[in-house]
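Since every read-out is calculated from the coordinates, none of them should be taken as a lab result. Predicted, not measured: the structure shown is a model, and the values here were computed from it. FYI the Cβ positions are ideal-geometry reconstructions off the backbone, even for glycines, and counts take in every protein chain you see.
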């Protein structure tokens, strides 16, 4: 009987609550790409390297739980506790009020996930929002960001929540610093706090059932967390079932006794190329936010591993297709050639482009299903490559064939919520564009058109000829200029009267200043003077210190081009 068969036989004899990880590749205790198997009775067996699906408030964005199980091959889902505790205290979060049947998992029942995937619980969502300097970790609490703002969560509360919610895997609390550089003194404090917190959650584990603990490896040099690593080896080794890291480089140089544990990475890679690099370092499991980022941006992932044979085209291929691109409006091919996901077998690029243009929710549902299928096939190829002993060569070929980052999306995704991002300054632009604008001028145009149409229609009778009827229709459909706005500067008003046509309008604020303009002389104005439409087809925009006007009126363009170096006018035929 082979060593692998012996390991699998041991797995079958494990008690129900035990999680097991078995390395099946040659690199059993050294750093490098490796194949393993994560097993827990009652759950799907995960062959690593693989990934856990990221969630927002407990669910995978855009895909309902039944469709997730039907169309996606999900090995596990990651959930952040801070998504559920916005009412705590004083109110008990609803997730704790669930009473599952037969003593099952409160968290699984509340989120509605199928029984097969692993359920992983951590203190924070991923990627976490950076904390302000006034809200940091303390000896007793973790800084969190809930849907109602920044706050803190005591370690005791997190430990108790892990026991009550009964996920399959719990991330041990770690003293991580998000968004700022860590000093040597702060590194020592991180190790001391994390040691204390891991000891506390392992003590609670003795009372709880069906919980496996993954201990953190801090994102600092190993020599600066030596005391903590010694505690992992000497005190905690028999009680922990895995490790998780915030920096892939942290897996290099770990004590030998920790090499047999699964390694889960929260490193937020920006594409599959970075995932391959981290696999080559020895990472086994990932949580990959770039899948959701691509879906929200309307990008269909398009890559395979190992990559195709290099073509004569020297340019690297994009790792995704922007479904907002108008070139796809008549493209009846699947999202990616050869893909067998539901979206590619049932629909085509033109349909997806139409859904995005219409802001239909189905667009993001299909993209999410497709993108997760692409990652499933990608990791299947990675495992086959490692087994064949060609992983490093295939990784180099992948880097030569594909670009490293996602393409820039031409459209807008779903609205960004406040708990997903943090404002960095007072003058920062809004994350979401305005959904509605002032339509008063359009209402006035409509009223004018209706009035003119009624007046014109009174002159028509049954004897009117075809040409007269066509002329009447064209006149009724023309857009009339908006009501005139008062001009606050008398010298400029005189200039407008002498140089501009009757339907060209200027609008000024009361406190803005202008200079006097002799008739037909070059006009110089401040860069903030012209602020609104001169006529229905003339629009101003500000670029740097220059005002730019696009109009179909050549006379107006000629006048403004003589206005000085801060004003430019161009003519466009509309």
message = 7 Å from Cα along Cα→Cβ at both residue 130 and residue 329: what's the point-to-point distance in nm?
response = 4.0
Rg followed by Dmax, in Å, when segment 296-413 is reduced to its Cα trace = 15.0, 47
message = No solvent, one uniform scatterer per C-alpha: report log10 I(q)/I(0) for segment 254-320 via the Debye equation at q = 0.14, 0.18, 0.21, 0.24 1/Å, two decimals.
response = -0.57, -0.82, -0.98, -1.13
task = Report the relative contact order of segment 270-356, percent, no decimals, based on alpha-carbon pairs under 8 angstrom and at least 6 residues apart.
result = 24
request  = Go ahead and run the numbers for FRET between residue 87 and residue 399, Cβ-Cβ distance against an R0 of 51 Å, rounding to 0.05.
outcome  = 0.60
message = Let me make sure I get this right: for segment 49-287, a, b and c are the square roots of the gyration tensor eigenvalues over alpha carbons, sorted descending. Under 1.5 in a/c it's rounded, otherwise prolate if a/b > b/c, else oblate. Which is it?
response = rounded
task = State, to one decimal in nm, how far the label point of residue 256 lies from the label point of residue 410, with both points 7 Å from Cα in the Cβ direction.
result = 5.8
task = Mind giving me the FRET efficiency for residue 184 and residue 154? R0 is 35 Å, r the Cβ-Cβ distance, nearest 0.05 is fine.
result = 0.80
key: Prolate/oblate/rounded call for segment 117-227, Cα gyration tensor, a/c under 1.5 rounded   = oblate
message = Tell me whether segment 129-173 comes out rounded, prolate or oblate; compute the Cα gyration tensor, take square roots of the eigenvalues as a ≥ b ≥ c, and use a/c under 1.5 as the rounded threshold.
response = prolate
inquiry  = Per 0.36 nm of contour for each residue apart, how much would the distance between residue 270 and residue 98 grow if the chain were fully extended, relative to their Cα-Cα spacing?
reply    = 58.2 nm
Inter-label distance for residue 313 and residue 226, nm, one decimal - labels placed 7 Å from Cα along Cα-to-Cβ = 5.4
message = Please report the antiparallel percentage of DSSP beta bridges with both residues in segment 49-287, rounded to the nearest 5.
response = 25
ask   = Nearest 0.05, what FRET efficiency do residue 70 and residue 340 give at R0 = 22 Å with Cβ-Cβ as r?
value = 0.95
